[in-house]
Amino acid sequence: MEHIATAGIQAGHFAAMADFAAVVGLYRPKVFRFALASLRDRDAAETVTQDCFLKAYRAWDTFRQDCSMDTWLMQIAVNLVRDHARNRRLRFWKQTALAAKPVEAISGRVADGRRSPEAQALLKERVEAVWDAAGSLPERQRTVFLLRFVEDMDLLEIAAATGMKEGTVKTHLFRALKTVRERMGARE
């Protein structure tokens, strides 16, 4: 009888593993894009993404479904990016790695192949300018900006993912947009 109970537990464990593997397959690209856009470092983004899903796996049984799976994972990712950014500030030698820009990762989503090479170069330049402007925003503004425009999350989802109130999210987004527009206007 004990063997049958153990087999049932193992079967349940494998079913949960399969469910979690499906979640990883579905949400990994979104978490990675956010981490890459936030950190501007592919290796750090990979690490944050892996850590996000490791934390989610460890807490899988305690996920209460108070929010969507998407929001829960983005909450974890936002906190890990914030932690990584704090730790990075303490290590001066890593500052040189910040010069790397994943423009190709973003511009590949924007360019559609029907544009002329000149138009693609101009678009890439504009995306890079937006990227530079967004990269210099204060942490909360940058996080809200990236969640809104890179991950296409609505204001309530951003509020849930960051732990901010919706009004605070709106304020940070407004200020971020104003700053990015001003910096873009200064470049032209």
Handout entry: Segment Ala85-Glu125, extension gain: residue separation times 0.36 nm, minus the distance between their alpha carbons
Key = 11.8 nm
Handout entry: Residues whose placed amide H lies under 5 Å from that of Glu151, excluding near-sequence neighbours
Key = none
Problem - Length released on extending from Ala18 to Gln65, taking residue separation times 0.36 nm less the Cα-Cα span - result: 15.1 nm
Handout entry: Distance (nanometres) between label positions extended 7 Å along Cα→Cβ at Leu155 and Arg28
Key = 3.5 nm
Handout entry: Mean Cβ neighbour count within 10 Å, used as a protection proxy, ranking 146-157, 122-133 highest first
Key = 146-157, 122-133
Handout entry: Extension gain from Lys55 to Arg183, taking 0.36 nm per residue of separation minus the Cα-Cα distance
Key = 42.4 nm
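Each reported figure results from applying straightforward, stated rules to the coordinates on display, with no laboratory input. Note that the structure is a prediction, hence the values are computed from the model and not measured. Backbone-built Cβ (ideal geometry, glycine too); neighbour counts: all protein chains shown.
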